[in-house]
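Read the structure below first, then the notes.
Derivation of every value follows stated rules applied to the coordinates shown; laboratory data play no part. Please read these numbers as outputs of a predicted model, since none were measured by experiment. Heads up, the Cβs are rebuilt from the backbone with ideal geometry, glycines too, and the neighbour counts pull from every protein chain shown.
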Amino acid sequence: MRATRGLVADVIRFSCVDGPGNRFVVFLQGCDFDCLACHNPQTIPAGSRAARMWSVAELVEQVRAAAPYLSGVTVSGGEATRQAGFVRDFFAALREGEQQLTRYIDSNGDAPQTVWDSLIPVLDKAMIDLKALDRDLHIRLTGRPNDRVLDSIRQLAGAGRLYEVRLLLVPNVNDDDSSLEKTAAWLLSVDSRVRVKVIGFRRHGVRAAGRRWAEATPEQIAGWAGKLTAAGIREVEAV
């Protein structure tokens, strides 16, 4: 068993919201983005008193204990790709010992091609957040440009590893009709069968900077999903 170690913020042994089916979820510590709407801001710093080092072997043992009840494993964050070597070794160990479990990454997409090149051989699917298609708006929301995010979506789609693109929509911030239409058109140009999850902004867990925004209503979320469907996205999930 590989001795690689990773800094883990938390684990959830059973989750139905972090990919398909019932999943074991590993939240890694540290993220390069500083999203105003982040629901896990405690995982952004590179270090945290609550985080601790886990070995691949320790995590695999935790997964193995729950495996009869699981569909798969998801590595999230923070940002999973910041500890790509650990994720690669963890997934490789799961592939050897728990082949029946699917291996997913939940990522902001801000990773170079070389990182995905190292992960694709052991990865089943990735779920990528797209905070905004417009570069300037993306910088305003996350503190970083979206060039690598868009490149990651292209690369993963081309490799058959893109499970879904997640759109966190904030009323009157990144939800205007023009932005939705442009986003749908760009995604369809990458993958005509792209799956999109629409996530309405909620204040729970966010920092003060995000609490000034209005929460999304069920009607707004349904409306956004409808506009994406009308724009040609065949598979849209709204939550």
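From the set of residues in the stretch 221-237 that are free of Cβ contacts under 8 Å to residues at least 24 places away in the same chain and in contact with a strand residue (DSSP E or B) (Cβ under 7 Å, 6 or more places away or on another chain), which is surrounded by the most Cβ atoms within 10 Å (Cβ to Cβ)?
First pass over the stretch 221-237, keeping only residues free of Cβ contacts under 8 Å to residues at least 24 places away in the same chain: 222-223, 226, 229-230.
When the remaining residues are screened for being in contact with a strand residue (DSSP E or B) (Cβ under 7 Å, 6 or more places away or on another chain), the result is 222, 229.
Numbers: ALA222: 13, THR229: 15.
Once the filter is applied, the top-ranked residue is THR229.
If you check ALA50, ALA57, which single one turns out to be in a helix (DSSP H, G or I) and either farther than 19 Å from PHE27 by Cβ or over 14 Å from the mean Cα position of the chain (by Cα) (or both)?
ALA57
Give me the pairs, please: first residue somewhere in the stretch 121-143 and without any contact (Cβ under 8 Å) to a residue 24 or more places away in the chain, second residue anywhere and of a type in the set (A, V, I, L, M, F, W, C) and buried (at least 18 other Cβ atoms within 10 Å of the Cβ), beta-carbon distance under 7 Å, and either six or more positions apart or on two chains.
HIS138/ALA132
Restricting attention to the stretch 5-27, and to residues there that are in a loop (DSSP other than H, G, I, E, B) and over 15 Å from the mean Cα position of the chain (by Cα), which single residue is surrounded by the most Cβ atoms within 10 Å (Cβ to Cβ)? First the steps, then the outcome.
From the stretch 5-27, those in a loop (DSSP other than H, G, I, E, B) are 16-22; that's our starting set.
Restricting the remaining residues to those that are over 15 Å from the mean Cα position of the chain (by Cα) gives 21-22.
Working: GLY21: 12, ASN22: 15.
Among residues in the stretch 5-27 that are in a loop (DSSP other than H, G, I, E, B) and over 15 Å from the mean Cα position of the chain (by Cα), the one surrounded by the most Cβ atoms within 10 Å (Cβ to Cβ) is ASN22.
Pull up the stretch 65-106, narrow it to residues that are part of a strand (DSSP E or B) and of a type in the set (Gly, Ala, Ser), then point me to the one that is nearest to PHE14 (Cα to Cα).
Step one: of the stretch 65-106, the residues part of a strand (DSSP E or B) are 72-76, 102-106.
In the following step, the residues that additionally are of a type in the set (Gly, Ala, Ser) were identified as 72, 76.
On the way: GLY72: 10, SER76: 14 Å.
Per the stated criteria, the residue is GLY72.
How many residues are on the phi > 0 side of the Ramachandran plot and among the hydrophobic types (A, V, I, L, M, F, W, C) if we restrict to the stretch 63-105?
Residues in the stretch 63-105 being on the phi > 0 side of the Ramachandran plot and among the hydrophobic types (A, V, I, L, M, F, W, C): 0 in total.
Can you tell me which residue among ALA80, ALA37, ALA9 is closer than 24 Å to ALA159 by Cβ, touching a helix residue (DSSP H, G or I) at 6+ places or on another chain (Cβ under 6 Å) and of a type outside the set (Phe, Trp, Tyr)?
It is ALA80.
How about the stretch 131-176: which of its residues are within 14 Å of TRP116 (Cα to Cα) and charged (D, E, K, R)?
Of the residues in the stretch 131-176, the ones within 14 Å of TRP116 (Cα to Cα) are 148-162.
Correct list: ARG148, ASP151, ARG154, ARG161.
Please determine whether any residue of the stretch 78-86 is surrounded by fewer than 22 Cβ atoms within 10 Å (Cβ to Cβ) and either among the basic types (Lys, Arg) or within 25 Å of ARG234 (Cα to Cα) (or both).
no
Residues of the stretch 107-126 being surrounded by fewer than 22 Cβ atoms within 10 Å (Cβ to Cβ) and part of a strand (DSSP E or B), which ones?
Correct list: LYS125 only.
If GLU181 satisfies every condition in (1) surrounded by 15 or more Cβ atoms within 10 Å (Cβ to Cβ); (2) in contact with a strand residue (DSSP E or B) (Cβ under 8 Å, 6 or more places away or on another chain) but one, which is the exception?
(2)
With aliphatic (A, V, I, L, M) and crowded, with 21+ Cβ neighbours inside 10 Å as the only criterion, which of VAL165, VAL190 stands out? Steps first, please.
Details: VAL190 fails: crowded, with 21+ Cβ neighbours inside 10 Å.
Step by step, each of VAL165, VAL190 is checked, and only VAL165 is aliphatic (A, V, I, L, M) and crowded, with 21+ Cβ neighbours inside 10 Å.
Take the residues of the stretch 205-220 that are under 21 Å from the mean Cα position of the chain (by Cα) and within 14 Å of GLN42 (Cα to Cα): which is surrounded by the most Cβ atoms within 10 Å (Cβ to Cβ)?
VAL206
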